Amino acid sequence: SRAGMALSVLVILLLSMLYEAVKMGKATLLRRALLALPRSLSWESVVEPEEGDTGTAQGRWFRYHVGQTLFHVVQVVLGYMVMLAVMSYNAWIFLGAIAGSTLGYFV
């Protein structure tokens, strides 16, 4: 039915937008993880916190890495879901995926 097709296109559009949002969140976490690394990459600076640090650099980096891993899993699942929908060879679903990706990137 037309309502079912419209709902399907809307869902794919939203999934594509969510995919782009997760991709951006993953990039933000990567930037924060890189900033959490100590300026000196010697083993002593990783093991021993510098003065004024509230936690070790290794602990902060590990938390960011776990967050990146979770974002990656969500991104892969969403990507495969959108790909499977597009592989239905329906032009409206394809256009919904393209529109959602465009809007998600823009936002």
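Summed over the range 96-107, residues that are loosely packed, with under 13 Cβ neighbours inside 10 Å and either without any contact (Cβ under 8 Å) to a residue 12 or more places away in the chain or of a type in the set (Lys, Arg) (or both) total 1. For beta carbons closer than 9 Å, sequence separation of 6+ or different chains, a first residue in the range 58-75 that is closer than 10 Å to residue 22 by Cα and a second that is part of a helix (DSSP H, G or I) and among the β-branched types (Val, Ile, Thr), the qualifying pairs are 71/22; 72/22; 74/22; 75/22. The single condition among (1) crowded, with 17+ Cβ neighbours inside 10 Å; (2) of a type in the set (Val, Ile, Thr); (3) under 16 Å from residue 32 (Cα atoms) that residue 93 does not meet is (3).
Since every read-out is calculated from the coordinates, none of them should be taken as a lab result. Values in this document were obtained by computation on a predicted structure and should not be read as measured data. Every residue, glycine among them, receives a Cβ derived from its backbone with ideal geometry; neighbour counts consider all protein chains shown.
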